[in-house]
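As structure tokens, the structure follows; a few thoughts come after it.
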Amino acid sequence: MIQLKWRRWNIILHRDIGYLTVALVIIYGVSGLAVNHIADWNPNYIQKKEIVTIEPIVSTEKDTIVAQAVEHLHLGQKPDNVFRPDPETVQLFYPGITYSVDLPTGNVLVESNPRRMVLYEMNQLHVNSPKGLWTFIADIFAVSLIFMGISGLFILKGKNGLMGRGKWFVLFGTAIPLVYWIWFQYLQ
Amino acid sequence: MKKIFIISVLSLMLAVSVFSASKKKYGKEITVKETTKISEIIANPEKFEGKRVLVKGPIVDVCKERGCWIKIGSDKEFESIRFKVEDGVIVFPLDIKGMTAAAEGIVSVKKYSVEELIKSGEEHAKKEGTTFDASTVKEPKIVLQIKGEGARVDGK
């Protein structure tokens with residue numbers, strides 16, 4: 001009777017915590033896939049680059065250079081910030097967009113980095129960018145995942161339960177990281 | 001059940017508003033009151049080596065891979081300094097480029113040999129998809145950076 005009650009509560013908690021955490025599981029899973037391949041792409045931003053050409057700028061006076069670049073590029077308003085990395089280049093910074101003007105040639109590199117909608121937010125939560133309260137939420141989620149994993153072992157009894165075919169799956173699942181790590185660390 | 005749902009959503013919205021309010025602060029609180037000009041650090045690296053400083057200027061570049069550094073433009077033309085933070089501890093988003101930073105950290109001075117500079121130049125060019133002419137490197141270089149601990153970023 002006591003055993004029955006314990007198993008019933010295990011199923012109830014497994015089910016309800018599952019409902020509660022499904023959104024976070026998807027967020028962390030999708031973001032995990034995205035961040036795993038960080039060497040091949042930027043999972044947070046789309047990196048756009050374009051070259052346009054304007055008239056060369058011959059002035060050496062900073063304010064004149066900026067005014068001419070703004071005029072030639074038809075930008076309308078002054079940039080938020082200006083930087084000259086070297087005597088032949090001026091960079092104009094507008095929200096979300098940078099113009100790097102090569103003064104002698106008039107070639108302009110236009111760079112913008114719009115966020116990848118939804119994926120950016122998922123990644124920020126996954127890497128705990130917000131810190132503060134999110135650390136607490138993520139900790140509870142991590143504990144919930146551990147609970148889900150362990151409680152899942154005891155949902156079923158009999159031939160499909162842990163002591164039946166379940167033990168082979170558990171052993172195989174445990175062997176995957178173990179064998180990989182031994183190969184990675186000592187054999188490759 | 002509906003009440004629980006509404007209370008949960010309201011709590012989440014509160015959490016989001018807390019997050020939004022602090023989203024332009026990175027790492028530790030800024031403690032240094034007086035700003036040091038970047039041009040002064042560049043002109044006298046030995047004087048500032050190991051010292052804690054607060055610098056201000058436009059963010060002229062951001063680490064594209066991991067957001068682990070920003071380059072801050074100097075008060076003098078053609079000069080900038082790299083503000084390097086520990087990977088993963090602070091992550092600067094790419095879209096802060098062009099905004100103004102107030103950044104605090106420890107000044108670090110490192111000397112690079114010609115071989116090290118060529119290797120680094122080649123790696124950088126490979127990453128950026130550009131070319132690098134090794135013959136342009138003729139002598140060792142002193143590289144200055146600030147080991148960043150905390151920063152505040154403003155829109156303008």
Q: With springs connecting C-alpha atoms under 10 Å apart, model chain B as a Gaussian network and identify which of B:Glu116, B:Glu128, B:Glu49 has the largest mean-square fluctuation.
A: B:Glu128
Q) What does the average come to when, for each residue of peptide B:121-127, you count the partner chain Cβ atoms lying within 10 Å of its Cβ? A) 0
Q: Mind checking B:134-140 for the average number of partner chain beta-carbons within 10 Å of each residue's beta-carbon?
A: 0
Q: Apply the Debye scattering formula to region A:18-162, with a single equal point scatterer on each alpha-carbon and no solvent, then give log10 I(q)/I(0) at q = 0.18 Å⁻¹.
A: -0.99
Q: With label points built 7 Å along Cα→Cβ from the Cα atoms of B:Asp154 and A:Leu153, find their separation and express it in nm.
A: 5.6
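Which FRET efficiency value, to the nearest 0.05, do you get for A:Val110 and B:Thr31 by plugging their Cβ-Cβ distance into 1/(1 + (r/R0)^6) with R0 = 41 Å? Don't jump to the answer; show the numbers that get you there.
Values: r = 39 Å, r/R0 = 0.94.
The formula returns an efficiency of 0.60 here.
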Q) Percentage of Cα-Cα pair distances in region B:59-156 greater than 15 Å, rounded to whole percent? A) 66
Q: Note down the nm distance, to one decimal, between modelled labels 7 Å out along Cα→Cβ at B:Ala134 and at A:Val127.
A: 3.3
Q | Using alpha carbons only: equivalent-ellipsoid semi-axes of region A:19-94, gyration tensor based, whole Å | A | 43, 14, 11
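Neighbour counts of other C-beta atoms within 10 Å: give me A:His74, B:His124 arranged from fewest to most. If you can, show how the numbers build up before the last one.
On the way: A:His74 7, B:His124 11.
Starting with the residue having the fewest Cβ neighbours, the order is A:His74, B:His124.
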Q) What is the gain in length, in nm to one decimal, between A:Ile12 and A:Asp86 on full extension, counting 0.36 nm per residue of separation less the C-alpha to C-alpha distance? A) 20.0 nm
Q. At what distance in nm do the modelled label points of A:Glu71 and A:Thr135 sit from each other, each positioned 7 Å from its Cα along Cα→Cβ?
A. 5.4
Q) With Rg and the Kirkwood Rh both taken from Cα atoms, where does Rg over Rh land for the protein assembly as shown? A) 1.08
Q: Report, ordered by chain and residue number, the aspartates and glutamates lying within cross-link reach of B:Lys127, taken as a straight Cα distance under 14 Å and ignoring same-chain residues fewer than 8 apart.
A: A:Asp40, B:Glu65
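Here, each number is a calculation from the coordinates, and none is a lab measurement. Computed from a predicted model, the values in this text were never measured in an experiment. Here the Cβ is made from the backbone with ideal geometry for all residues, glycine too, and neighbour counts use every protein chain on show.
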